[in-house]
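Beneath this line is the structure, given in structure tokens, with notes to follow.
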Amino acid sequence: MNISVIGAGQMGNGIAHVFAQGGHTVTLIDIAQDRLDKALATIARNMDRQVAKGGLTEDHKQAALGRITTATELSSGVKNAELVVEAATENVDLKLKIFQDIDAGAPAGCILATNTSSISITRIAAATRRPGEVIGMHFMNPVPVMKLVEVIRGYSTTDVVTARIMDLSRAIGKVPVEVNDQAGFVSNRILMPMINEAIETLFQGIGGVAEIDTVMKLGMAHPMGPLQLADFIGLDTCLAILRVLHEGFGNPKYAPCPLLVQMVTAGKLGVKSGEGFYTYSGGSKDLVVAPAFAK
Ligand code: CAA
């Protein structure tokens, strides 16, 4: 299948990776060539890990990398696509504009999927002339590792399109789960209030960063504590999702913790900016609590 992936950030490069590994031809699209070059280098590095662990052969890796091309123009990048997966920043106006452009440039019959983590599929679909062919395909980070794809049906998404995306997800080794279209869907409706509550618990001085994460890691067998996970997802992304939940349900229980708002305003975005609840100058393996939270 010819698949175009829009956005070469951490989700976009992971999505391009798993489709190329699954035998599909991928066009990775971003406005900046340097972001595309960086994404290709990340994909190669992540495939190297799989080769080192015996999950992929060097030949398969080379073949998969050979199936990925890049484009800086959206119209040329989607013109032969059978599926487009949008993985741009979590900003509704940006996504609506991108979907209008994809709709104008992609051939008839092409399925338009979004990797949005919380924005209404129905709203995105309404920006196109093919709402029946618009669907949510929500991958989890790190995409090559996490098995889940949350498949979200918008109000108009057809059964045929849903079945094709469920089948495609299975064919690339993922486990798709079909859900309906409400703010945050299932994943972030449950995950983000937990992360927000962890930040609120820190804000109120009930526990420190390491203590909160240790309680959840050792007490609830989470692979990462909620504050480390927030850094990993990106604090700006967490804030954007909480705002969608808060606005979508009009319920104050989703109001983002003031500490989260302040950290994003200060540019402390987690792993991607080098500091959030932890610092990442020495890589993300050895967790060092950020100076602002050190005791
Ligand atoms: N590409 C390929 N392989 C990768 C990888 C990547 N980007 N990142 C990690 N791996 C592989 C490693 O090579 C390793 O492979 P083996 O099991 O074969 O040895 C395996 O994944 C585990 O990695 P590590 O040993 O380096 O590290 P770890 O054991 O600490 O696990 C983790 C890392 C998988 C990220 C784990 O900490 C984890 O599961 N964290 C929680 C992740 C999570 O909750 N993700 C969902 C976030 S929410 C989201 O994405 C959606 C949203 O809308 C916000």
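The values are calculated or read from the model by the stated rules, or taken from the named source; none is laboratory data. Being a predicted model, the structure only gives us computed values, none of them experimental. Ideal geometry is used to build each Cβ from the backbone, glycine not excepted, and the neighbour counts take in all protein chains shown. In case anyone asks, the SASA skips ligands and DNA or RNA and just uses the protein heavy atoms, side chains included. Shrake-Rupley method; radii C 1.70, N 1.55, O 1.52, S 1.80 Å.
Looking at 218, 202, 191, 227, can you tell me which residue is closer than 19 Å to residue 114 by Cβ and out of contact with any Pro (no Cβ under 6 Å at 6 or more places or on another chain)?
From the options 218, 202, 191, 227, the qualifying one is 191.
Hey, can you tell me all the residues within the range 217-230 that are in contact (Cβ under 8 Å) with a residue 12 or more places away in the chain and more than 11 Å from the ligand (Cβ to nearest atom)?
227 - this is the single residue of the range 217-230 that is in contact (Cβ under 8 Å) with a residue 12 or more places away in the chain and more than 11 Å from the ligand (Cβ to nearest atom).
Can you pull out the residues in the range 47-65 that are surrounded by 12 or more Cβ atoms within 10 Å (Cβ to Cβ) and within 16 Å of the ligand (Cβ to nearest atom)?
Of everything in the range 47-65, those that are surrounded by 12 or more Cβ atoms within 10 Å (Cβ to Cβ) and within 16 Å of the ligand (Cβ to nearest atom) turn out to be 47, 48, 49, 50, 51, 55, 56, 60, 61, 64, 65.
So residue 94 ticks every box in (1) more than 16 Å from the chain's Cα centre (by Cα); (2) part of a helix (DSSP H, G or I) but one. Which box is left unticked?
Result: residue 94 fails condition (1) only.
Considering the range 244-278 alone, what residues qualify as being more than 20 Å from residue 204 (Cβ to Cβ) and buried (at least 18 other Cβ atoms within 10 Å of the Cβ)?
Once the filter is applied, which keeps residues that are more than 20 Å from residue 204 (Cβ to Cβ) and buried (at least 18 other Cβ atoms within 10 Å of the Cβ), the range 244-278 yields 244, 245, 269, 270, 271, 275.
Taking residue 108, is it open to solvent by 10 Å² or more (accessible area, probe 1.4 Å) and either outside the structural domain of residue 175 (by TED's automatic domain parsing) or not in a helix (DSSP H, G or I) (or both)?
Spelling it out, residue 108 is indeed open to solvent by 10 Å² or more (accessible area, probe 1.4 Å) and either outside the structural domain of residue 175 (by TED's automatic domain parsing) or not in a helix (DSSP H, G or I) (or both).
Collect the residues in the range 33-56 that are under 19 Å from the mean Cα position of the chain (by Cα) and either not assigned by TED's automatic domain parsing to the domain that holds residue 87 or not in a helix (DSSP H, G or I) (or both), keeping them in residue-number order.
none
Quick one: count up the residues across the range 66-81 that are open to solvent by 40 Å² or more (accessible area, probe 1.4 Å) and closer than 12 Å to residue 25 by Cα.
Qualifying residue count, the range 66-81: 5.
Which of the residues belonging to the range 231-255 are in contact with a strand residue (DSSP E or B) (Cβ under 6 Å, 6 or more places away or on another chain) and either near the ligand (Cβ under 9 Å from one of its atoms) or polar (S, T, N, Q) (or both)?
Result: 234, single match.
Might you check whether a residue that is closer than 23 Å to residue 174 by Cα and free of Cβ contacts under 8 Å to residues at least 24 places away in the same chain occurs anywhere in the range 100-119?
Within the range 100-119, not a single residue is closer than 23 Å to residue 174 by Cα and free of Cβ contacts under 8 Å to residues at least 24 places away in the same chain.
Check off (1) in contact (Cβ under 8 Å) with a residue 24 or more places away in the chain; (2) among the acidic types (Asp, Glu); (3) closer than 29 Å to residue 183 by Cβ for residue 93 and give me the number that stays unchecked.
Condition not satisfied by residue 93: (1).
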